[in-house]
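The values are calculated or read from the model by the stated rules, or taken from the named source; none is laboratory data. Keep in mind that this is a model prediction, so the values were computed, not measured. Cβ coordinates were reconstructed from backbone atoms using ideal geometry, including for glycine residues, and neighbour counts include every protein chain displayed. To get the accessible areas, we keep the full protein, side chains included, count just its heavy atoms, and leave off ligands, DNA and RNA. Shrake-Rupley method; radii C 1.70, N 1.55, O 1.52, S 1.80 Å.
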Amino acid sequence: MRLTAEGRFRPDLLARLNMWRFRLPALRERREDIEANLIYELARAERELAAQVGFNTDARDLYLRFARDPATLWPGNFRDFGSSIRRLCTLAPRGRITRAMVEEEIEGLREGWQGADADDDYRLLADILGDAAAAIDPFDRAQLSEVVRTCRRSSSLSDAGRQLFSVSRKQRKTTNDADRLRKYLQRFGLEWATLIG
């Protein structure tokens, strides 16, 4: 739809393609499905590798804690998850996935995501700000990109402000979160309408 608004995609073609819309929730929004998907991925790896593979109990507990943790964002959704399980199964000595293997896998995932997140933040801001995004410090880049993502998920400027200032608003006498957010965006020459368009 954004491409159509920019004149880069034909509206009549979009109307034909846009008959149905489906939103498949990200893995991070369905943490209750993670254990079932772990079982599925283990079975699939066993079929493909033609070998029986399983987790040691402590390794499985650690992996599930990590996978379900709200801080684990799974940016690649099921691809990241499935690849992670496949790596563990492929490298498992004598078909047993150990705690040490899981710790190494978690560290590798976090390192990979950290680099991907930084690139995603820059691309997001470059899409909005153009060359000016290069002049934003990495600290501000991470914060501003989170603000942009929250704005795009929100129904209004006030809704976005409530989400972004949910902790600090309890300590303030006035809670005009929309005004706080508007002022923050102005620091970067941005407006609400620019972000959601």
So what is the 222 nm mean residue ellipticity for the chain from helices alone, if each DSSP H run of at least 4 adds -39500 (n - 2.57) and you divide by all residues, rounding to the nearest 500 deg cm²/dmol? -19500 deg cm²/dmol
For helix 57-68, what angle does its Cα long axis make with the longest principal axis of the chain, in degrees from 0 to 90 and rounded to 10? 10
Please list the radius of gyration and Dmax for segment 1-54, considering alpha-carbon atoms only, with Å as the unit. 19.9, 54
Rounded to 10°, Cα long-axis angle of helix 99-129 versus longest principal axis of the chain: 20
Carbon and sulfur atoms: what percent of the 1.4 Å accessible area of the chain do they account for? 51
What angle do you read, to the nearest 10 degrees and between 0 and 90, between the alpha-carbon axis of helix 138-153 and the longest principal axis of the chain? 80
Projecting each Cα onto the charge dipole of the chain (Lys/Arg +1, Asp/Glu -1 at the beta carbon, about the Cα centre), which of 76, 128, 186 comes out farthest on the positive side? 186
Classify segment 47-120 from the C-alpha gyration tensor, please: rounded if a/c falls under 1.5, else prolate or oblate depending on whether a/b exceeds b/c. prolate
So how strong a dipole does the chain carry about its Cα centre when Lys and Arg Cβ are +1 and Asp and Glu Cβ are -1, to the nearest 20 debye? 740
Skip the ligands, DNA and RNA, and give the accessible area per residue of the chain with a 1.4 Å probe, whole Å². 65
Ranking 15, 64, 49 by how far each Cα lies towards the positive end of the charge dipole of the chain (+1 on Lys and Arg Cβ, -1 on Asp and Glu Cβ), the top one is 15
Among [x] 15.5, 50; [y] 19.5, 61; [z] 21.4, 64, the value of Rg and Dmax of the Cα atoms in Å computed for this structure carries the label [z]
Per segment 29-81, sqrt(5λ) over the Cα gyration tensor eigenvalues, sorted largest first, in Å, gives 21, 14, 9
